[in-house]
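Structure, as structure tokens:
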Amino acid sequence: MKLITVNDYEELSRLAAEYIKAQLLLKANSNLGLATGMTPMGMYENLVKMYQNGEVSFKEATTFNLDEFLGISPSSPVSYYSYMMENLFNHIDIKKENINIPLSNPENEEKACNEYENKVVKKGIDLQILGIGTNGHIGFNEPGEELNDKTHVTNLKEETIKQNEKLLVERGEESAYHIPKRALTMGMGTILKADKIILLANGSNKKEIVSKMLHHNINTNLPATFLKLHKDVTVILDKESSPF
Ligand code: F6R
């Protein structure tokens, strides 16, 4: 794992966006793996600015989101579909047919998982962006006795639901909506198949889990430790989240 520590969230967001821009300049038809949550919001803001300034185009890119809540409509303000549209896709030149986000209301969940898995693996992700949960989850691969390697349905931990409530507060929707208890997520194996991985963490509430990820042996109770198995992971931290 390569570690980069920057001063603050602004710098982290700019640097993460620069990595995506560089990837697209190198290969315009890159397949990008994307995350939601509070962490990458600044990165998306920078990417939108870069697009508006003519520095980057997504015209030939394909995106795959890591996860989505289940049991809601895609148009719900809670959905990661809404998050991605509002924070990135509505503002750039990506083709609609090249956007892939797991379904939030599939008729057959198992079929939806298998189809998503097959599509991701067939295309192959060039660069995967990740955040980290305060409990060490990656995507929605929650800590537990075992990890699922492929795209699957998962029950979210209470801590994860609480963490996601911040997104609703950010939108002023916390009284009208609640975070679903189940989600569909790429598996740890799906994520580890990406060519390159960038993990972003900011803020003092991530310091402890970042430290554990770096110092603990690989174990399913801390899914982020599995990133140590990957040959090309860059961790970008701000000073507050850095344990050093
Ligand atoms: C989101 C995702 C999650 C988040 C993680 C951190 O698509 O897969 O693993 O990256 O929960 O969330 P924030 O950034 O809100 O702290």
Counting only residues in region 122-163 that are near the ligand (Cβ under 8 Å from one of its atoms) and farther than 17 Å from K181 by Cβ, the one farthest from the chain's Cα centre (by Cα) is identified as T134
Every listed condition ((1) farther than 20 Å from T39 by Cα; (2) assigned to a loop (DSSP other than H, G, I, E, B); (3) not charged (D, E, K, R)) holds for N114 save (2)
Flagged in region 169-192 as closer than 23 Å to G124 by Cβ and crowded, with 19+ Cβ neighbours inside 10 Å, in numbering order, are L184, T185, M186, G187, M188, T190, I191
Going through region 75-98 in order, the residues found to be more than 21 Å from I179 (Cα to Cα) and over 14 Å from the mean Cα position of the chain (by Cα) are F89, N90, H91, I92, D93, I94, K95, K96, E97, N98
Per the filter on region 196-244, residues farther than 15 Å from K2 by Cα, of a type in the set (D, E, K, R) and either surrounded by 14 or more Cβ atoms within 10 Å (Cβ to Cβ) or touching a helix residue (DSSP H, G or I) at 6+ places or on another chain (Cβ under 7 Å) (or both) are K206, K207, K212, K239, E240
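Each value in this text was obtained by applying a stated rule to the coordinates, not by laboratory testing. For clarity, every value in this text was computed on a predicted model and none was experimentally measured. Cβ: placed from backbone, ideal geometry, glycine included. Neighbour counts: every protein chain shown.
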